[in-house]
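Notes for the one structure printed next.
A short reminder: the numbers here are calculations on the coordinates, not readings from a lab. Remember, it's a predicted structure, so these values are computed and weren't measured experimentally. Please note: Cβ atoms are built from the backbone with ideal geometry, for glycine as well, and neighbour counts cover all protein chains shown.
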Amino acid sequence: MKDQEDSISSRDYQHLCKLIHAKAGIALGSEKKTMLEARLRRRLKDLTLGSYCEYCDYLFGKEGMRDEIVHLIDVVTTNKTDFFREQKHFDFLAGRALPEFAARNGKWNGLGRAWHAAGIAAACRHEGSEQ
C-alpha cells in the first residue's frame, strides 16, 4: 500500500460504518477507524488490492456485496470462544434467562432441545471438575 493510502478516507470510513451498522447492527465511532484499518489490511492483501479506496470500490460493487460482505462482518466482529464454558453461565440460563423466556413466549420449540444439550454439557463439565 502506498504511504498516502495507508488509511481509510473519512468518506470511505463513513460508508463502511453505515454498511456495517445496516448489516450487523454494529455502530463504529470515529475512535474505531484505526482498528478497522488494521483488521482490513489482511483482506486487502488477500484480495491483492493496493488501497482502502480500492477495497471500498470492490466492496460496494455488485460482486463485493455478494462475495465480500461476510468477510467484512467477520473482521469487524470479535469472536468469543469461551462463551458458556463456566458454571455461572449455565446457572444464569437455568435460573433466569430460560424461565423468563418461557414465561414470555409460553412455548419452548427447539429451545428445549438446546437447553437439554446445554444441561448435559454442564453436567459433564461439573462431573469432570470433581475428579
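At-a-glance table
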| item | result |
| --- | --- |
| Residues of region 29-49 that turn out to be farther than 17 Å from Cys17 by Cα, exposed (fewer than 12 other Cβ atoms within 10 Å of the Cβ) and not basic (Lys, Arg), as a count | 2 |
| All positions within region 58-71 that are touching a helix residue (DSSP H, G or I) at 6+ places or on another chain (Cβ under 8 Å) and not β-branched (Val, Ile, Thr) | Tyr58, Leu59, Phe60, Gly64, Met65, Glu68, His71 |
